[in-house]
Amino acid sequence: MNIENLIQISETEWEIPTYIRPDMRVPVRLFATRELLEQIINDKSLEQAVNATTLPGLVGHVIVMPDIHQGYGFPIGGVAATEYPHGVISPGAIGYDINCGVRLLASNIDLESARVEMDTLATLLNKYCPSGVGKAGAIKLNAKELDHVLRDGSRWAFKNGYASEADLARTEEAGSVEGAAPERVSERAKTRGREQIGSLGAGNHFIEVDVVDQIFNEEAANTMGLYQGCLTVQIHCGSRGLGHQVCTDYVQQFQNAVHKYGIVLPDRELVCAPMDSPEGRAYMGAMRAAANFAFANRQLLAHSARRAFEETFAPRIRNWHLHQVYDIAHNMGKLETHEVNGKKVKVCVHRKGATRAFGPGSPGLPPEYKKIGQPVIIPGSMGTASWVLVGTEESMTRSFGSSCHGAGRVMSRSQAKKEVRGDELRKELEKRGIKIRAGSLPGLAEEAPSAYKDVDRVVETVSEAGIAKKVARLKPVVVIKG
Amino acid sequence: MGFEEISHTADWSVRVWAQDLPSLFAESARAMNSLAGTVTVKGRSLKRTFESEAPDAEGLLVAFLSELVYYQEQENLAFDGFEVRIESQRLKVEMEGAQITSVDKAIKAVTYHNLKIEKTNEGFETTIVFDV
């Protein structure tokens with residue numbers, strides 16, 4: 001793809017028109033500055049965005065965010081809305097890590113008063129939040145309990161003493177997606193999930209303690225309980241092996257479904273089925289069950305993080321508590337109503353590496369966020385800043401209520417390992433006052449900040465484009481990685 | 001017979017080639033183990049059999065490699081000895097392997113992204129993208 005193929009709409013918005021390829025059903029709309037676009041065209045992500053426009057039942061545009069990068073099938077950083085009920089749902093356009101997302105907890109603990117305890121905190125977080133390849137979680141569930149988790153998500157955690165009502169209220173879908181169908185999840189997926197709940201996993205997943213570095217929107221920050229100089233915790237993970245298996249199962253099954261429904265696609269990873277077909281309904285039920293597993297997983301990890309905070313700070317600091325700011329999903333398919341060409345349309349919004357960013361007054365937000373809009377949590381690359389934003393009215397009309405999800409990779413994992421040594425990176429981060437607990441040094445090198453775009457530029461872009469507004473910038477002080 | 005890693009921004013991509021289809025399947029499994037940095041105890045002390053049906057060879061390859069991902073994550077087992085039989089749309093693999101002692105990197109899934117097994121002058125080749 002060349003920049004000449006794109007039509008510039010504004011300083012931060014570009015379009016790939018449908019005449020580029022005859023099988024495109026809708027155009028692509030990209031949010032990026034020219035500088036970011038020049039990085040984006042170096043991989044195959046825009047070709048993948050064009051492939052995504054061939055999904056039957058699409059409305060509006062396929063939207064891509066400034067953190068877009070090459071994935072498999074659907075690009076990471078993509079949003080596509082298909083009309084309900086005849087449009088399709090595509091497991092590959094949601095991803096293997098169903099409901100991968102980020103939870104943000106915040107405290108009133110001032111970093112300066114707590115700096116001496118950061119080492120203890122890092123050790124306890126690492127102890128109570130299992131991480132690493134295939135690691136078992138905090139608890140083991142029997143078959144019946146797992147079905148409860150799949151049906152109820154964080155509500156199961158609440159009933160079992162791992163969550164507060166406030167946690168549920170400040171989670172997308174209140175932590176429990178309706179319409180989950182545990183019976184549509186294979187035994188193999190359930191086997192993988194039974195032992196992994198309450199664990200972080202490996203790859204780019206992490207737990208990070210951050211300090212609120214800068215506030216850009218006092219009213220929104222106060223509403224969220226974010227105070228300059230105070231500690232926060234981000235938990236980034238998803239549905240673990242259970243979600244991976246659900247997606248694997250349905251991508252395999254949908255290879256036949258596309259023939260049955262006469263759907264022609266440029267890439268088999270995009271396989272899909274109409275939402276009102278037996279195959280589409282089965283996947284929708286299984287995907288929602290996996291999403292509930294992910295909500296419960298992050299809830300258990302939040303519970304473990306609170307335990308680490310309590311043991312570290314309770315002897316000395318009276319208010320050591322971690323309250324929930326919000327929990328967002330960035331790999332998910334959701335039924336929502338959006339305005340398309342002046343008409344309200346019920347659609348399935350596929351977000352893969354894109355965050356829901358509902359504007360003020362949107363349905364489903366807790367009362368305190370109705371006025372400011374939904375918190376949008378953007379984790380940066382390891383050792384760099386993360387951001388808290390809010391959704392806007394413009395995100396509702398221009399990006400199906402969506403924004404970016406992170407910095408976005410620019411360098412392959414193998415290249416990162418060639419250029420960066422894990423032990424040196426750890427030393428460098430420690431020198432900057434960041435405590436690191438990492439299961440694998442090569443894994444650490446793969447996630448080096450130089451392998452990612454500059455998260456600040458990504459956030460500036462969505463902010464200038466108007467699809468999210470800046471609230472606060474966070475700086476890391478402790479990083480736990482699998 | 002061999003494999004090489006292909007640059008991919010977020011995930012892993014590997015090109016695999018072999019003189020025939022059964023060898024291509026076995027080499028793909030070895031490539032996956034190599035990318036993941038899988039280390040096992042010495043010797044091939046364990047045997048397992050995998051059977052599957054799919055409309056085409058690509059479907060059989062994804063099913064086979066997905067089975068190995070499952071074994072690695074759930075049972076902590078890896079295999080490097082394979083006797084592969086492919087008849088029409090059916091696959092049977094007798095596998096020999098051992099307990100894993102360490103893994104550098106978890107593979108979440110084997111994808112169909114641009115997956116095509118192609119006949120070449122020397123045999124067969126394909127490029128597989130793994131979600132990591």
Inside segment A:116-142, can you point out the residues that are open to solvent by 60 Å² or more (accessible area, probe 1.4 Å), free of Cβ contacts under 8 Å to residues at least 60 places away in the same chain and of a type outside the set (S, T, N, Q)? A:V116, A:K140
Kindly indicate which of A:Q214, A:Q228, A:Q234 is within 21 Å of the chain's Cα centre (by Cα) and touching a residue at least 12 places away in the same chain (Cβ under 8 Å). A:Q234
What strands (runs of 3 or more DSSP E) completely inside segment A:310-417 contain at least 2 residues that are under 25 Å from A:I41 (Cβ atoms)? A:343-352
Exclusive hit being within 14 Å of chain B (Cβ to nearest Cβ) and of a type in the set (K, R), set A:R437, A:R421, A:R409: A:R409
Enumeration of residues in segment B:104-121 that are free of Cβ contacts under 8 Å to residues at least 24 places away in the same chain, outside any strand (DSSP E or B) and farther than 15 Å from A:V271 by Cα: B:N121
Would you please name the residue that is farthest from the other protein chains (Cβ to nearest Cβ), looking only at residues in segment B:67-108 that are open to solvent by 30 Å² or more (accessible area, probe 1.4 Å) and hydroxyl-bearing (S, T, Y)? B:S88
Given the criterion modelled with pLDDT of 95 or more and either in a strand (DSSP E or B) or within 14 Å of chain B (Cβ to nearest Cβ) (or both), identify the matching residue among A:A202, A:A189. A:A189
Of the numbered conditions (1) part of a loop (DSSP other than H, G, I, E, B); (2) within 17 Å of A:T232 (Cα to Cα); (3) more than 26 Å from the chain's Cα centre (by Cα), A:I263 fails exactly one; give the number of that condition. (2)
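Identify all residues within segment A:61-102 that are acidic (D, E), in a strand (DSSP E or B) and within 14 Å of chain B (Cβ to nearest Cβ); write none if there are none.
A:D67, the sole residue that qualifies.
The values are calculated or read from the model by the stated rules, or taken from the named source; none is laboratory data. Keep in mind it's a predicted model, so treat the numbers as computed, not measured. Because the Cβ atoms are built from the backbone with ideal geometry, glycine has one as well, and the counts that use them run over all protein chains shown. Calculation scope for accessible area: heavy atoms of the full protein, side chains included, ligands and nucleic acids excluded. Shrake-Rupley method; radii C 1.70, N 1.55, O 1.52, S 1.80 Å.
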